[in-house]
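Since the structure comes first, as structure tokens, the remarks are kept for the end.
No value in this document is a laboratory result; all are computed from the given coordinates. It should be emphasised that the depicted structure is a prediction, and the values quoted were computed from it without experimental measurement. Backbone-built Cβ (ideal geometry, glycine too); neighbour counts: all protein chains shown.
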């Protein structure tokens, strides 16, 4: 039975991955600093720690047959709050991992590395990261190039991954669903920009499929490419009485890209099974039944929560805690 270390396993993506892998025939251990959480309630081995505390992390790397590396500051806005901290967490930690671990690595990158392009993009397409988040992920990909590593460039995620981990309400499908419920309207700025969307549970499926394969290199993962405008009308199918307000203003987020996941389908048989409508229904159920106490809480947004915390970078690096 292989030992699987999930670094950053208590988060939004980690929750879905942990549940799926723990249900398979693996020994699972989580290494996480509970940045967005107050507790870890899953019945799997858990170690409270920070990836910048190298001495604490090394024994767990030595234990692991496979490392799933999720730990990062995620999102353009969150990364811009403290660039030095972002580089330390997202980039330098992966460089250190590549120099200190020789086992199987599963790493999460982002389709944001492609930037704004008009054509459908595959793994050989030109790269144009427009944010610090995307550039640190791209540099991390380079560090892992010669390792036994499979790298997933994820589309924009949505949906509910598990029972216990914090939901993210700063992702476009989830945002539009909550606004439809709370405001009775959705505002769309521009709307012609594309996003490659992917349910968080489909990420977990791709990870499980590749824990023991020999596949290495980069793979796009998405379900479908959707215009923001079309997504708004899809949300309205679930909330028939809402109003959609469209504005011709350019959308503040300059990302606009479509991707293909044909390589993942061809190489290891990946195919998304969780639809956008399923993700909308999941969020709709949570908000309509009052299962999220405060929909305006900053803890559900990476950038808003970290800004509120007013992180001191030097103290964080010195102590290895946050």
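At a glance:
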{"read-out": "Per-pair calculated FRET efficiency, R0 = 35 Å: residue 163 and residue 243 via Cβ, rounded to 0.05", "value": "0.60"}
{"read-out": "Residue-span extension gain [residue 34 to residue 275] - 0.36 nm each, minus C-alpha spacing", "value": "83.9 nm"}
{"read-out": "Over the chain: Rg over Rh, Cα atoms, Kirkwood Rh", "value": "0.94"}
{"read-out": "Cβ crowding within 10 Å averaged over residues, with 217-228, 124-135 ranked highest first", "value": "217-228, 124-135"}
{"read-out": "Projected area, mean over directions - the stretch 1-144, Cα convex hull, nm²", "value": "9.3 nm²"}
{"read-out": "Peptides ranked, highest mean first, by Cβ atoms within 10 Å: ranges 78-86, 152-160, 29-37, 182-190", "value": "152-160, 29-37, 78-86, 182-190"}
{"read-out": "Approximate spin-label separation residue 84-residue 294, in nm, with each point projected 7 Å along Cα-to-Cβ", "value": "3.1 nm"}
{"read-out": "Projected label distance in nm at residue 262 and residue 230, using a 7 Å step from Cα toward the beta-carbon", "value": "1.8 nm"}
{"read-out": "Cα-based helix-to-principal-axis angle, 54-63 vs the chain, degrees rounded to 10", "value": "80 degrees"}
{"read-out": "Extension gain, residue 145 back to residue 27 (0.36 nm per residue minus Cα-Cα distance, nm)", "value": "39.8 nm"}
{"read-out": "P(r) weight above 28 Å for the stretch 112-254, C-alpha pairs, percent", "value": "26 percent"}
{"read-out": "The stretch 126-183: radius of gyration over Cα atoms, expressed as a fraction of 2.2 N^0.38 Å", "value": "1.54"}
{"read-out": "For the chain: relative contact order, % (alpha-carbon pairs under 8 angstrom, 6 or more apart)", "value": "21 percent"}
